[in-house]
Amino acid sequence: MRDKVFNNALSEHIWNTRYRFIDGDTVRDHTLSDTWRRVAGALAGVEPNARSGWEERFRSALEEFRFIPGGRILAGAGTGRRITLFNCFVMGRLEDSIDSIFEHLREGALTMQQGGGVGYDFSTLRPAGSEAHATGRIASGPVSFMHVWDAMCGTVLSTGARRGAMMATLRCDHPDVEDFIVAKQDHHVLRRFNLSVQVSDAFMQAVDADASWSLVFPDHALGETRCGDRETVMRHWPGEAGPVACRVLRRVAARDLWAKIMRATYDFAEPGVLFVDQINRQNNLWYREDISASNPCGEIPLPPYGACNLGSINLAHCVKSAFTAQAKLDLDMVTTTVRTAVRMLDNAIDASRFPLPRQAEEARGSRRIGLGLTGLADALIMLGLRYDSAAARETAAQAMRAICHAAYRASADLAREKGAFPYFDRAPYLEGAFIRALPDDIRDAIAGHGIRNSHLTAIAPTGTISLLADNISSGVEPVFDFRHSRRLLDVDGSYLVFDVEDHAHALWRRDHPHGGVLPPAFVSALNVAPSDHLAMQAALQPFVDSAISKTVNVPEDYPFDEFQELYGSAYRQGLKGCTTFRPNPVTGEILSTGTSGQGGAQTSHCCDIEREDG
């Protein structure tokens, strides 16, 4: 019998295949309400006092999708299964030895087996063609080992409705960066990876100055290998305590290398770009962490063995008097929901299992959480605001500001009640760039009692949980289209095609049964200029202490020079990364417009919900 809370077959399919608890032949979640009770009970179960009261508050936040936890929490909390409630992991730093590489491969397999998406920085592996001084063999380079990870991921997660998700990053000054840039241009290889180049301030300055750029590797790691001219430069390198002497293996024109990155992204939608220095400058734990990788969708930059769990405030549920002149975003509802959501995500840290002891240590030491928003575009439509307008960006910024400040206040209150996160060091924490920008009352509370969670905000893609919540717009993205078809993986490995209608569009049609012209606020992703996509991301970044998963949709005929300028603009606006998508022969389209008869192009883009980790 169909659960009456579902308004469409796709939402029910998502619940059935991803989040409904069925224990062998025994159905545990008969309805979505049973799922809410299971999750709320599990998260309240770690409370030392008043568990029934907290369970009721948690369940109330989940009902009607006001707060939607990340998929691992929905799927795993209260099941007793040996799976993690965390969406996002960055794995340990790779040492340049076969023993280390295959030990990390094993750790990645264990993490993905329990449901976590993983990120790796491959920059520590010696470049192809250099001699491994321990054996005398010639190194094959980091890209070759990525194929090993790709095969492992496909084997470990070869069945079910969810595919494995991995992120690979490489420094812009690694000698193999050009091979990395083109690694996915053969559509048969590395399909389980998203790729991002770590772009430094120094590189962007070299591009701007039309200077040469040195491709290097730590001299001590190369030993007596005969490669390069033995000239060295001082560079910060992952895993090193400070700047180290790096041997120059060759030089390229910075603008030529940048153009290769841009051309690959323009033609093949990868690699993305991580502005790694901005990530580290804005890191609340700048005094103890060096970040060079992120989770698969880019919204959580993490240190080695770092982990984070996610959740989203549903802004579409917080609009009052939708489609009228009196429409408004209920920020009181937002902040009330945030306070409950922070406690739920904090409790998930204690309720979760972890694939590896190092991950548990890191998660419990920092108590990172990633609270964001979803349903933004639908909320704007219901408020009568075009996604690409200045008024929409201001409203979105107000919402994210409210989420951020409410989350920090809630976490400071939790620290007074339960204690600060173990890695908290008051003086340097308060000196962090993001913390310095918070209101005085929050900084005063942190100074007085500490804070429970090192980081609190991130904006995930939320593709799957947004489909569950009656197909609200996902994350920070505009609505793709108001009616389209979506092809999803079923548990048996086959594909099902669903006709999909956007949540705001369905609400408007309900109120206008005789049809009519859609109001101007109904603007879809492909009708938003790329610069306006980027402007929305920039409007929210000041209130996000982690990062934002955002895809800038680019028309197929968009000029290449303007495309390059998007990335320059992203850097100048202080974003932590940039991902674009232009239709192309390898990845096809993200979705397809129209009806199910048109099908849906299969894609391995980072926003493909079969591979997202949120």
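Details
- With a threshold of 29 Å on the Cα-Cα distance, the over-threshold entries among LYS328/LYS550; LYS328/LYS418; LYS320/LYS576; LYS320/LYS550; LYS418/LYS576 are LYS328/LYS418; LYS320/LYS576; LYS418/LYS576.
- Calculated FRET value between ALA9 and ALA390, using beta carbons and R₀ = 45 Å, to 0.05: 0.75
- Take the Cβ atoms of ARG483 and LYS260, set R0 to 41 Å, and the FRET efficiency comes out at 0.60.
- Charging the Cβ of each Asp and Glu at -1 and of each Lys and Arg at +1, and nothing else, the dipole of segment 19-107 about its Cα centre rounds to 340 debye.
- Beta bridges from DSSP with both residues in the chain: antiparallel share about 55 percent, rounded to the nearest 5.
- Distance between the modelled labels on GLU56 and THR232, one decimal in nanometres: 6.7 nm (7 Å Cα→Cβ projection).
- Of the DSSP H helices in the chain, those with a Cα length along their own long axis of 24 Å or more and a mean Kyte-Doolittle hydropathy reaching 0.0 comprise 331-351.
- Global geometry of segment 61-219, whether rounded, prolate or oblate, following the gyration tensor of its Cα atoms and the 1.5 cut on a/c: prolate
- Label positions at ALA253 and ARG106, each projected 7 Å from the Cα along the C-beta direction, are separated by 4.9 nm.
- Expected 222 nm ellipticity per residue - DSSP helices of 4 or more, -39500 (n - 2.57), all of the chain, to 500: -11500 deg cm²/dmol
Read-outs throughout are calculated quantities, based only on the coordinates presented, and are distinct from any laboratory measurement. Keep in mind that this is a model prediction, so the values were computed, not measured. Note that each Cβ is placed from the backbone with ideal geometry, even for glycine, and that neighbours are counted across all protein chains shown.
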